[in-house]
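Everything on this sheet refers to the single structure shown next.
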Amino acid sequence: MSTMVRDRPSLESAHTRALPAPSPLLYLTDPPPTVDLVIIGGGIVGAATAFHAARAGLRPLIVERRPALCSLTTAVATGGYRLQFDNPVELALVRQTMDLLNNFEEVTGQHHYTPQVRPQGYLWLTANERVAARQRDLVARQHGWGQTDIELLSQDELRYRFPFLSGTALQARFRQGDGFLNPRQVAMGLMTGARARVVVDCGVLGFQITDGRLAGVETSRGVISTRHAVIACGPLSGMLAASAGIDLPITTIRRQKVILPEARIVPPETPMVIDEDTGVHWRPAMQGAYLLFSDPRTPPSPPTEQVPTDDSMVFQLLNPNSPLALARLAPFWRRLWEHNTVSWCMQAGQYTMTPDHLPLIGPSSIEGLWVHTGYNGHGVMLSPAAAKLLIDALIGVITPSDNPFRLDRVFADREHVSL
């Protein structure tokens, strides 16, 4: 009597099948001696710049001083997108970004990365009549800009559609098509679509300039001869530009995120929920939530790769007795606090802020040296589209007057929502 023994996969081979395919990016040990375009910074802004450069016929090289791409600001981003903007310029850019993301694999020509778009909505709540009046005015303007799918919800509509809320909120503005995405997937997909060459662990030390024109980029792994380079390294952009004598009008401000990796009391289908009276907001994530607070009183701090965290923010948001308590508008947060078994951790990054809360995109005072930074916390939403402006300017498709984000513009003050 014989027994048939079927081959069974080993644990090792089963584990290997579960791993994603290797990235098709071309990683180099050292930079080549000469390139068309050097992009300094391997986050989403640099990725978007590389993508549009490649579409314009350039062959970009991305240099990243850290050991891995997307490991500074992009890595700690909230991962939200919205078309509820307070100005038509940024609104137009987010529309273009969403057109790209909704056709991501086709447009980028790659299938390794997907943006993981989840349109769960953005819900801006208020319990203050003055804020409610501002909401009504803003929604009317947004409708005038063609974004007519933004709703104003009354108190009764809120309780019906979002039963996890208390009766405290008077009104909300809401757009169902807003939601969440994966910033690192977007960045990696854009770089892959660009067929970009990449060098990590490669810090930029300065620039070679001849007769007012860029001649090369000095790195920790040698000099790269080039006629064009883009500073796209987020909060570190100001320091790098200063090494070339360029004073960028930017400051860096710490922003923190509390992560509850497993808090099943949080409804996973909820939108991004913003208390517009306080600036506190939260969204479902993992098996729990991300909790955030863009405190307008936070002072600028020097740019750094090691942004410290302050766990007092946890108690500001979760303690029901705090004036910033999440439980103010959503009572289930009180139960989570009282039960007191949920684990949490924190991440911190820096927003790169400009005087008018709009990005810096365009040529510097040194011919051939370009700047792409200053997104005020909106880089994930804006840069996939805005990078085309920079490349169009670089190749001469548009003139400076066509670029509202040029560095020599007049910086008009305006109110800013830092979410």
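Structure values in brief
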{"quantity": "Members of region 323-342 that are in contact with a Gly (Cβ under 9 Å, 6 or more places away or on another chain) and over 19 Å from Leu170 (Cα atoms)", "calculated": "Val342"}
{"quantity": "Search result, residues across region 307-341 that are more than 27 Å from the chain's Cα centre (by Cα) and in a loop (DSSP other than H, G, I, E, B)", "calculated": "Asn319, Pro320, Asn321, Ser322, Pro323, Pro331, Asn340, Thr341"}
{"quantity": "Of all residues in region 166-183 being surrounded by 19 or more Cβ atoms within 10 Å (Cβ to Cβ) and in contact with a Leu (Cβ under 9 Å, 6 or more places away or on another chain), the one that is nearest to Ala232 (Cα to Cα)", "calculated": "Leu181"}
{"quantity": "Pair list, Cβ under 8 Å, 6 or more apart: region 357-373 residue in contact (Cβ under 8 Å) with a residue 12 or more places away in the chain, other residue basic (Lys, Arg) and assigned to a strand (DSSP E or B)", "calculated": "Ile366/Arg213; Glu367/Arg213; Gly368/Arg213"}
{"quantity": "Set Val273, Val266, Val258, Val280: member being touching a Pro at 6+ places or on another chain (Cβ under 7 Å), modelled with pLDDT of 95 or more, under 26 Å from Ala172 (Cα atoms) and buried (at least 20 other Cβ atoms within 10 Å of the Cβ)", "calculated": "Val266"}
{"quantity": "Residue within region 59-77 that is of a type outside the set (Val, Ile, Thr), surrounded by fewer than 24 Cβ atoms within 10 Å (Cβ to Cβ) and not in a loop (DSSP other than H, G, I, E, B) present", "calculated": "yes"}
{"quantity": "Hey, Val380 within 26 Å of the chain's Cα centre (by Cα) and either farther than 21 Å from Ala244 by Cα or modelled with pLDDT under 95 (or both) or not", "calculated": "yes"}
{"quantity": "Residues of region 379-407 satisfying the condition of being within 24 Å of Gly79 (Cβ to Cβ) and in contact with a Lys or Arg (Cβ under 9 Å, 6 or more places away or on another chain)", "calculated": "Met381, Ala385, Lys388"}
{"quantity": "Test: Leu336 is closer than 20 Å to Ile259 by Cβ and modelled with pLDDT of 95 or more", "calculated": "yes"}
{"quantity": "Number of the condition not met by Pro163 [criteria: (1) under 30 Å from Pro33 (Cβ atoms); (2) out of contact with any Leu (no Cβ under 9 Å at 6 or more places or on another chain)]", "calculated": "(1)"}
{"quantity": "Filtered residues of region 359-394 (kept if in a loop (DSSP other than H, G, I, E, B) and more than 14 Å from Val45 (Cα to Cα))", "calculated": "Ser364, Ser365, Ile366, Gly368"}
{"quantity": "For Asn340: the one exception among (1) crowded, with 21+ Cβ neighbours inside 10 Å; (2) without any contact (Cβ under 8 Å) to a residue 24 or more places away in the chain", "calculated": "(1)"}
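The values are calculated or read from the model by the stated rules, or taken from the named source; none is laboratory data. Predicted model only: the values in this text are computed from it and were never measured. Here the Cβ is made from the backbone with ideal geometry for all residues, glycine too, and neighbour counts use every protein chain on show.
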